[in-house]
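Okay, structure first, notes after.
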Amino acid sequence: MKKIKITLALDESAAMAHCNDLLTSHPAIDLVHSLDELTGHAAWLALAGSDLLLIDESLILRDGFEPLNMLLSSYPDVRSLLILKHASNSKAMWAITQGVRGVLTQEELRQQLVRAITGVVAGEVWAPRHLMQPIRQDFRQVDDGSYVYRQPERIKEWVKWH
């Protein structure tokens, strides 16, 4: 089986250290790079050899969404998985509509991290079930049978990501 090459872009919290431990102990995962920012030259080099970018919400709140958006658009084959501090429907949907392929909360890391990584790398959009139900309700069917997403009215602190 081919190993999944992952670049970590995480802060130094205890939950993120646990995430690092989970990944280094898994035989199907190869940690190729670890980043502490998204704006430097190292981020561009790291993604060139990665299958997945595992990123923490705190880095996006600090650096803004634009550096991540530029990285993901420059490397379309690299998938991304965002770790949220707390569950939020608006944050999850906003991130997915911007190109992030998976969303997890810190509470779900222990149980779901490896499954989420393999799912996202396989092409799935990964989000907790309790976050997806309201999102499904925000889609409305158009006359031609297709569906259109209605943007949430407020996204709070993530508005600066535009």
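The values are calculated or read from the model by the stated rules, or taken from the named source; none is laboratory data. Nothing here was measured: the structure is a model prediction, and the numbers come from that model. Please note: Cβ atoms are built from the backbone with ideal geometry, for glycine as well, and neighbour counts cover all protein chains shown.
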**Asked** What number goes with the only condition from (1) closer than 20 Å to Glu124 by Cβ; (2) modelled with pLDDT under 85 that Asp11 does not pass?
**Response** (1)
**Item:** Search result, residues across region 3-21 that are loosely packed, with under 13 Cβ neighbours inside 10 Å and small (Gly, Ala, Ser)
**Value:** Ala14, Ala17
**Asked** What are the residue pairs meeting all of these: first residue in region 14-40, first residue without any contact (Cβ under 8 Å) to a residue 24 or more places away in the chain, second residue hydroxyl-bearing (Ser, Thr, Tyr), Cβ atoms under 9 Å, and 6 or more apart or on different chains?
**Response** Asn20/Ser34
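Applying the selection to region 45-77, what residues are touching a residue at least 40 places away in the same chain (Cβ under 8 Å) and not in a helix (DSSP H, G or I)? Please lay out each step first, then the result.
Applying the first criterion (touching a residue at least 40 places away in the same chain (Cβ under 8 Å)) to region 45-77 yields 47, 49-56, 58-61, 64-66.
Answer for region 45-77, where residues must be touching a residue at least 40 places away in the same chain (Cβ under 8 Å) and not in a helix (DSSP H, G or I): Gly49, Ser50, Asp51, Leu52, Leu53, Leu54, Ile55, Asp56, Gly64.
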**Asked** So which residues in region 79-95 are touching a residue at least 40 places away in the same chain (Cβ under 8 Å), aliphatic (A, V, I, L, M) and outside any helix (DSSP H, G or I)?
**Response** Leu81, Ile83, Ala87
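Can you tell me which residue within region 22-74, out of those that are among the small types (Gly, Ala, Ser) and crowded, with 18+ Cβ neighbours inside 10 Å, is farthest from Lys5 (Cα to Cα)?
Step one: of region 22-74, the residues among the small types (Gly, Ala, Ser) are 25, 28, 34, 40, 42-43, 46, 48-50, 58, 64, 73-74.
Now restrict to residues that are crowded, with 18+ Cβ neighbours inside 10 Å: 43, 46, 50.
On the way: Ala43: 14, Ala46: 10, Ser50: 5 Å.
So, considering only residues that are among the small types (Gly, Ala, Ser) and crowded, with 18+ Cβ neighbours inside 10 Å, the one farthest from Lys5 (Cα to Cα) is Ala43.
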**Prompt:** Can you pull out the residues in region 99-122 that are in contact (Cβ under 8 Å) with a residue 40 or more places away in the chain, surrounded by fewer than 19 Cβ atoms within 10 Å (Cβ to Cβ) and not charged (D, E, K, R)?
**Reply:** Leu109, Val114, Thr118
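Give the number of residues within region 96-107 that are over 20 Å from Ile4 (Cα atoms) and either modelled with pLDDT under 85 or not in a helix (DSSP H, G or I) (or both).
We begin by selecting, within region 96-107, every residue over 20 Å from Ile4 (Cα atoms); these are 96-98, 105-107.
Checking which are either modelled with pLDDT under 85 or not in a helix (DSSP H, G or I) (or both) leaves us with 96-98, 105.
Residues flagged as over 20 Å from Ile4 (Cα atoms) and either modelled with pLDDT under 85 or not in a helix (DSSP H, G or I) (or both) within region 96-107 amount to 4.
Which residues, taken from region 28-50, are out of contact with any Pro (no Cβ under 6 Å at 6 or more places or on another chain), among the hydroxyl-bearing types (Ser, Thr, Tyr) and within 16 Å of Met70 (Cα to Cα)?
Pass one, region 28-50, residues out of contact with any Pro (no Cβ under 6 Å at 6 or more places or on another chain): 28-37, 40-50.
Narrowing the set further to residues that are among the hydroxyl-bearing types (Ser, Thr, Tyr) leaves 34, 50.
Selection gives Ser50 alone.
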